[in-house]
Structure formats: structure tokens, C-alpha cells
Amino acid sequence: MDALALLLADSRFPSGGYAHSLGLEQAVHEGLTDVPAFLRSRLHLVAEADARVAVAARRAAATTRDSSAATARALAALDDEWSARCPSPELREAARRLGAQLLRSAAAVWDDPRLAAYREASRATPRPIALGVVGAVAGLDDEAVALLSLYDDAATVASAALKLLPLDPAATARWLAELAPELERAARDAAADPRPVADQPAPAAVALELAAPVHQARRERLFAS
């Protein structure tokens, strides 16, 4: 495995994920206890689609070492496509906050004109697109970027679960280990799909979309999402 992929997957990399539960906090507040089921639902309804966007962004950013207009247009089109798949303003804002933080941290690690140009062009980049750009700069391939995107989603939820429920940390590690084959399969599928994002599956996580503004309105909450 690429050491830079390990760096980006490390929870100590300052990308802001610690502040988010990706919908788990509100779900727990409403009575959810089966976190592994929540993880799998997010994988199939949200994370797989986001991973495909990240792969497309990596491909666009990898086509040039500079800030070409063609690359900028391709990334802007991906931003529009991703936004259309995420109708909740609250979820879009959370993803853009995470994307901006990822780009900020990556710019401190890699002195690459693509990062500098994209940060200047888009201060509110959704995390899947930001991850694709960073993956291109780090020299990761499509499958590595897809797996990184999928793992980050699952690990963020698992980490949040430790703060929300009385759990043994070893239990959350087991959840991720059990989910690993599904993450790897989804990463391979995302990397092998030649279709543009607009022609790829776009499942809907309606319950998460509806819960997001409810969570945002709560006066007492631990997480930003």
C-alpha cells in the first residue's frame, strides 16, 4: 500500500473529520443502536457514489501538472454533478467544509500548483472532489483514491460512535474489519467504471437528507453533522 495513502487515511491527518458524525449523531438521538447497519447503508447509499466522484476528480486533476482551464471546467462540472446528488443544504455545507480543510492541510504537505490553483478557484470544494485532487497530487491511482474515500467515510462514523454510545473501541475496529471486503469491492468497481459520473448510479439517502436540518437545529450536539 502507498505510504501517502496511509497518511491521508490516518485520523491524525488534520482534515477535520473528527468534528463530523456523518448523520450518526441524529440517528442515535432518534434511537439507532445498530451502527454496523448504519455503516453499510451509508456505504451503498452515499459513500460509493462519493468515491466515484473522487475517482473522476482524480482523473481530471491528473491530466495536467498545472491549472489548465480544461481541468478547472471538468472539476466545476463534477461539483455541479455532486451538488445535484446532495439536495440537503446542510449536508452540502458539511462536505464543503471538510473539503476546504482537506485542501488546506494538503497544501501544507505538497507544494503543487494544482492545489494552490484549485484552492483559489474554489474555497468551498466538496470533500469527494477535494480528495480526488489531493489523490492526484499524491500520485495515487483510481482504486487507491476510491478505497481512501470509502474507508474515510466508514472510519469517521465508527470514530463518532465511540463518543455517542457506550462501546468498546475494539468493537468499532471489528466493524471496519468486517466491512473491509465490501469497501475493497466498491473501490474496484468505482475504479473500473469507464462511464462519466453523470451516467453512473446515484442512490438517495432520503433519511439522512431529512435528518440533517433536524440535527442542525438541535441546541445541544457534539458534531457538526
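The values are calculated or read from the model by the stated rules, or taken from the named source; none is laboratory data. What you are looking at is a predicted structure, and each value in this text was computed from that prediction instead of being measured. Note that we place each Cβ from the backbone using ideal geometry, even for glycine, and neighbour counts take in every protein chain shown.
When the range 125-171 is limited to residues that are part of a loop (DSSP other than H, G, I, E, B) and crowded, with 24+ Cβ neighbours inside 10 Å, the one that is farthest from the chain's Cα centre (by Cα) turns out to be T125. Scanning the range 85-143 for residues that are free of Cβ contacts under 8 Å to residues at least 24 places away in the same chain, charged (D, E, K, R) and over 18 Å from A224 (Cβ atoms) yields D111, R119, E120.
Considering the range 82-123, the residues that are buried (at least 22 other Cβ atoms within 10 Å of the Cβ), in contact with a helix residue (DSSP H, G or I) (Cβ under 7 Å, 6 or more places away or on another chain) and of a type in the set (G, A, S) include one that is farthest from R12 (Cα to Cα), namely A95. The condition of being at pLDDT below 95, in a helix (DSSP H, G or I) and within 21 Å of E90 (Cα to Cα) holds for V214. The single condition from (1) over 23 Å from G99 (Cα atoms); (2) assigned to a loop (DSSP other than H, G, I, E, B) that F223 fails is (1). Please list, ordered by first then second residue, the pairs with beta carbon atoms under 9 Å, 6 or more apart or interchain, first in the range 182-211 and closer than 23 Å to P36 by Cα and in a helix (DSSP H, G or I), second modelled with pLDDT under 90 and among the aliphatic types (A, V, I, L, M). Hits for this filter: zero, empty list.
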